[in-house]
Structure formats: C-alpha cells, structure tokens
1. Please list 111-120, 26-35 highest first by mean number of surrounding beta-carbon atoms within 10 Å per residue.
2. Between Gly50, Gly36, Gly171, which gets the highest mean-square fluctuation from a Gaussian network model of the chain, Cα cutoff 10 Å?
3. Once phi is turned into ³J(HN,Hα) by the Karplus curve 6.51 cos²θ - 1.76 cosθ + 1.60 with θ = phi - 60°, what whole-Hz value does each residue of segment 80-89 show in order, with x for glycine and proline?
4. Counting helices only, and only those DSSP H runs with n ≥ 4, report the 222 nm mean residue ellipticity of the chain as the sum of -39,500 (n - 2.57) divided by its residues, in deg cm²/dmol to the nearest 500.
5. Quick check: the distance between the Cα centres of segment 149-191 and segment 9-46, to the nearest angstrom?
6. Whole number please: convex hull volume per residue, Cα atoms of segment 51-170, in Å³.
7. In segment 55-97, which residues have a backbone nitrogen under 18 Å from the label point lying 7 Å from Ala141's Cα in the Cα-to-Cβ direction?
8. Calculate what fraction, in whole %, of the accessible area of the chain sits on carbon and sulfur atoms when a 1.4 Å probe is rolled over the protein chains.
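The values are calculated or read from the model by the stated rules, or taken from the named source; none is laboratory data. As the structure is a computational prediction, the values presented were derived from the model and not from experiment. Here the Cβ positions follow ideal geometry from the backbone for every residue, glycine too, while neighbour counts run over all protein chains shown. In case anyone asks, the SASA skips ligands and DNA or RNA and just uses the protein heavy atoms, side chains included. Shrake-Rupley method; radii C 1.70, N 1.55, O 1.52, S 1.80 Å.
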Amino acid sequence: MSFDTAASLGCRFATSFRAVVDQGRLKGGEWLAVHGCGGVGLSAIMIGAGLGAQIVAIDIADDKLALAKELGATVTINSRNVADVTEAVRDATGGGAHVSVDALGHPQTSCNSISNLRRRGRHVQVGLMLADHSMPQIPMARVIAHELEIYGSHGMQAWRYDDMLAMIRTGKLSPQKLIGKHISLTDAVTALPAMDSFKDSGISIINRFE
C-alpha cells in the first residue's frame, strides 16, 4: 500500500467502515442508501459494494454520482431532478433501504435517510450536525410505526482496523480509487477553507511539502 493510500484511511474511510459494517450491520444482498457523495459517502459506497450490498447513491452533482457508479453504486439519484428523494429511493430498492447513511450532515439529508428506510431499517448518522443543525427534526411517527433503528457513528477504534485492512488486502476494497487530487502543502492553504464548497470529487491528499 502506498503512503498516500494509507494516509487516506485515517479519517473518512475508517469512519465509513465502522458506520456501514459495525453500526449499520450491512449484509450482502441488502440495499444501502448513501446520502452525500463526498469522501465519507464514496467510502461508504465502496465498502457496501465490497460487502456485496446493492447501493443507491444520492447527491446533487452529476460528476460525484458518476464516480459513485464507478465505485459500486447500483443506482444513482440526483436529488435536484426528483420530486421526492425518499420515494425515489423506495422505488429503486423495492420498498426502501435496509441501511441508510447520512454522509453529509444536514437536516434534510438526515430526514431523507430515515424516511427512505424499509420496516426495521437502520439509519446511521455520520455527517456532523453542528450549530443551527444540531437539533434536526426527526420523522418520529415513522420511526415508531416501522420500528426503525437510529445510530450515531464517529470514527473507528484502532482494533477494528484489522478487518478493514483484511478487505483491502484481498482486493474487496480499493481505497486508492477514492483519491481525487494530490496537492502540496502550499495548495492546502486555499484547499482547506474551500472544503465546505464540496466542489472536488474524492479525497485530496497532501504529498508534497513545499
């Protein structure tokens, strides 16, 4: 494994692994919905595909959805092009996702992620909900009626890296495909403040230190 690939595992990829494998308990053949195709979301898609799941990727950018398809998404949905995201997911999955991940961290994507689940589905909140978004509305009537499970997920314990690395070793996961850009330390001065614009696809890696 290259140093660049190893560096990319530290936050987004490992966080997604725990969210999908440990918290979501995703199994082969199940449907996984991923809301947001940034670094966390694309990692979740690759991990879900590695587990043998079918995946719906949801985003507002066609280039990110195209990359999601390359990484294993079965179906892609541009949320700007459909009247109701949750209905689109339920139609694509034949009744709703078994597991759904909000990889963005927004009241709307969180609500959609819960609402697009089938009965007894599992929602995993990975995207951080901060400031004005810290108290989002939850469709609690649906949570109760459909006996849904809601989990938070934050990072991954060091001892769980073994299973993740084993999947990389066997080729089920190829995290190097998530690296979108290699930039310098000088480039990072402008790249870091621009992260909230979500313009880039994949993960940017600093590998030059001039």
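1. 26-35, 111-120
2. Gly171
3. 3J(HN,Hα) across segment 80-89, in whole Hz: 7, 9, 10, 6, 9, 4, 5, 5, 5, 5.
4. -9000 deg cm²/dmol, from helical runs alone.
5. So the two Cα centres are separated by 10 Å.
6. 132 Å³
7. It comes to 86-87, nothing else.
8. Of all accessible area on the chain, carbon and sulfur atoms account for 56 percent.
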